[in-house]
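Undergrad: Have a look at this one.
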Amino acid sequence: MKKIIALLLTFLMVLGLAACGGTTPPAETTAATTPAAADGTEAAGDSYMDELIAAAQAEGELIVYGSCEEEYLAVACEKFEELYGIKVQYQRLSTGEVQSKIEEENGTPSADVWFGGTTDPYNVCAAAGLLMPYEAQNASHLLSDAYRDADGNWYGIYKGILGFMVNRDELDRMGLEAPQDWADLLKPEYEGLIWTSNYNTAGTAKLIVNTMIQKYGHDEGIQYLLDLDKNVHVYTKSGSGPSKNVGTGECVIGIGFLHDGITQIVDNGYGNIELIIPSSGTSYEIGATAIFQGAKHVNAAKLWIEYALSPDCVNQAKDNGSYQFLVIDNAEQPAIAAEFGLDPENVMDYDFEDAKENTTTYVEEVMNALGGGDSRFETE
């Protein structure tokens, strides 16, 4: 009889959450770690989380598209399963691939949440109404409102610095100096030595497009990318692709996030890699997480967002090859990033609103100017 009563109570609880139909917690909410009130009654935040966990467990499943590196994605999903007993299926895709997939599915997504990857593609999806707004309790731990979408379409989990990675041995063998700034990459001596990522498939590449347009102006920024193309040997499908080929010497100069270079140095032993922060300034990514509009497991998806904004999730990054700076106040920052001279505040004032409104247009303009691309643009 007790089991029947317990099941009935859980069923009624799930119905109550479903009936709300909204994307926000109850009106009086605080962080998920809110302590009990002085009179011993349960705090409103704890009550909401208890209800959300029960509803998510009743759904029993979560499907994740991850655009961070697969090692981190795997342990993040495994930890969620361990904490909540909810089965997680996950697939690693670049942000551009996720964006294309979600646009095609148009409100009937094959996954519930998106985890990791720079926010430019997230913003394109948000503008198209393909992300579900949700006011997360654990967003109270974000270091700044800059690390979230104002409407709750996505939340930041980490911050990565854009720069160059070079193979010191290969440059010495060729008698070349390492590039120190964006303009240096256009020098004729670097012809065929540069790898960057595909503007159509990689969020990193979309950030590069926006960065150059914001740095130089619209026409000049696109012209810069056309001039850069003369020296590019390969455009990889994923933003981390260049970093994975610098240590071997196949790529001599890679453009990408410097934490990916740290992974190659520290985890894979490539001591010949040098990290370079462009001298005239650089931009940064906010790695994000979000719920897809039309998610089948909506309560499990909301629980994922709360989890992603907690130390349980983000503190695993530095132990699994991901050395980005974290953007919640109760996280443990990866000390090694600072040891390599990276500073999360030493970046340009990136205009996320311009990126949100114009990324798709800018990418189309660049690709059209490049003649639609060629065999150097990897898609597999």
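The values are calculated or read from the model by the stated rules, or taken from the named source; none is laboratory data. Not measured: the values here are computed from a predicted model. For neighbour counting, all protein chains shown are included, and Cβ atoms are generated from backbone atoms with ideal geometry for every residue, glycine included. Keep in mind that these areas ignore ligands, DNA and RNA; they rest on the heavy atoms of the full protein, side chains included. Shrake-Rupley method; radii C 1.70, N 1.55, O 1.52, S 1.80 Å.
Undergrad: How large is ³J(HN,Hα) for each residue in region 66-78, as worked out from phi by the Karplus curve 6.51 cos²θ - 1.76 cosθ + 1.60 (θ = phi - 60°), to whole Hz, x for Gly and Pro?
TA: Running phi through 6.51 cos²θ - 1.76 cosθ + 1.60 with θ = phi - 60° gives x, 10, 7, 5, 4, 4, 5, 4, 4, 6, 5, 5, 5 Hz.
Undergrad: Under 1.5 on a/c is rounded, so check that first for the chain, then, if it is not, pick prolate when a/b is larger than b/c and oblate when it is not; a ≥ b ≥ c are the square roots of the alpha carbon gyration tensor eigenvalues.
TA: prolate
Undergrad: Counting other Cβ atoms within 10 Å, keep those with at most 12, restrict to DSSP loop, and tell me which trypsin sites (Lys or Arg not before Pro) in region 135-241 are left.
TA: Those satisfying the criteria are Lys230.
Undergrad: All other residues with a Cβ under 11 Å from the Cβ of Pro179 taken together, and with Lys, Arg as +1 and Asp, Glu as -1, what is their net charge?
TA: Surrounding charge for Pro179 is -4.
Undergrad: To the nearest 20 debye, what charge dipole does the chain have about its Cα centre, counting +1 at the Cβ of each Lys and Arg and -1 at the Cβ of each Asp and Glu?
TA: 840 debye
Undergrad: Shifting gears a bit: What's the carbon and sulfur percent of region 229-355's accessible surface, probe 1.4 angstrom, rounded to a whole number?
TA: Roughly 44 percent of what the probe reaches on region 229-355 is carbon or sulfur.
Undergrad: Using Cα atoms only, what is the angle between the long axis of helix 352-369 and the major principal axis of the chain, expressed in degrees (0 to 90) to the nearest 10?
TA: For helix 352-369, the angle is close to 40 degrees.
Undergrad: Would you kindly compute the Cα radius of gyration of region 241-286 and its largest Cα-Cα separation (Dmax), both in Å?
TA: Here Rg and the maximum Cα pair distance are 10.6, 30 Å.
Undergrad: If you add up the charges near Ile291, with Lys and Arg at +1 and Asp and Glu at -1, over every other residue whose beta carbon is less than 9 angstrom from its beta carbon, what do you get?
TA: Net local charge, Ile291 excluded: 0.
Undergrad: Okay, moving on. Could you tell me whether region 276-380 comes out rounded, prolate or oblate from its Cα gyration tensor? Rule is a ≥ b ≥ c as square roots of the eigenvalues, rounded for a/c under 1.5, then prolate if a/b exceeds b/c, otherwise oblate.
TA: oblate
Undergrad: Determine the relative contact order of the chain: mean sequence separation of Cα pairs under 8 Å and six or more apart, normalised by residue count, in whole percent.
TA: Across the chain, relative contact order equals 24 percent.
Undergrad: Can you tell me how much longer the chain between Asp374 and Ser140 gets when fully stretched, taken as 0.36 nm per residue apart minus their C-alpha distance, in nm with one decimal?
TA: Here the answer is 79.7 nm.
Undergrad: May I pose another question? As I understand it, the value is the acute angle between the Cα axis of helix 44-59 and the longest principal axis of the Cα atoms of the chain; what does it come to in degrees, rounded to 10?
TA: 80 degrees
Undergrad: Through the Karplus equation 6.51 cos²θ - 1.76 cosθ + 1.60, θ set to phi - 60°, convert the phi angles of region 271-285 into ³J(HN,Hα) values in whole Hz; use x for Gly and Pro.
TA: x, 7, 8, 10, 9, 10, 8, x, 5, 8, x, 9, 10, 8, 9
Undergrad: If you don't mind, another one. Taking the 0 to 90 degree range and rounding to the nearest ten, how far is the long axis of helix 203-216 tilted relative to the main principal axis of the chain, both from C-alpha atoms?
TA: 60 degrees
Undergrad: Which of these, Tyr155, Tyr307, Tyr216, has the largest mean-square fluctuation under a Gaussian network model of the chain (Cα springs below 10 Å)?
TA: Answer for the Gaussian network model of the chain: Tyr216.
Undergrad: Still on this model: May I ask which of Lys215/Lys296; Lys215/Lys302; Lys302/Lys356 have a Cα-Cα span longer than 31 Å here?
TA: Lys215/Lys296; Lys215/Lys302
Undergrad: In a GNM of the chain with a 10 Å cut-off on Cα contacts, which of Val314, Val88, Val98 has the highest mean-square fluctuation?
TA: It is Val88.
Undergrad: Quote the FRET efficiency, to the nearest 0.05, computed for His218 versus Gln180 with a Förster distance R0 of 25 Å and r equal to the Cβ-Cβ distance.
TA: That pair, His218 with Gln180, gives E of 0.50.
Undergrad: Within region 319-340, list the residues whose amide N lies under 19 Å from a label point set 7 Å along Cα→Cβ of Glu78.
TA: The answer is 319-323.
Undergrad: Please list, by residue number, every one of the GluC sites (Glu not before Pro) in region 167-242 that is coil in DSSP and has at most 10 other beta-carbon atoms within 10 Å.
TA: none
Undergrad: Now a separate question. Under a point-charge model restricted to the Cβ atoms of Lys and Arg (+1) and Asp and Glu (-1), what is the dipole moment magnitude of region 332-380 relative to its Cα centre, in debye to the nearest 20?
TA: 220 debye
Undergrad: Three principal axis extents, largest first, for the C-alpha atoms of region 191-316, in Å?
TA: The principal-axis extents, from largest down, are 51, 40, 26 Å.
Undergrad: For a label point 7 Å from the Cα of Glu274 along Cα→C-beta, name the residues of region 223-249 whose backbone N is under 13 Å from it.
TA: So the set is empty, nothing qualifies.
Undergrad: Still on this structure, I have one more. For region 181-291, what does the accessible surface come to per residue with a 1.4 Å probe? Please give it in Å².
TA: 30 Å²
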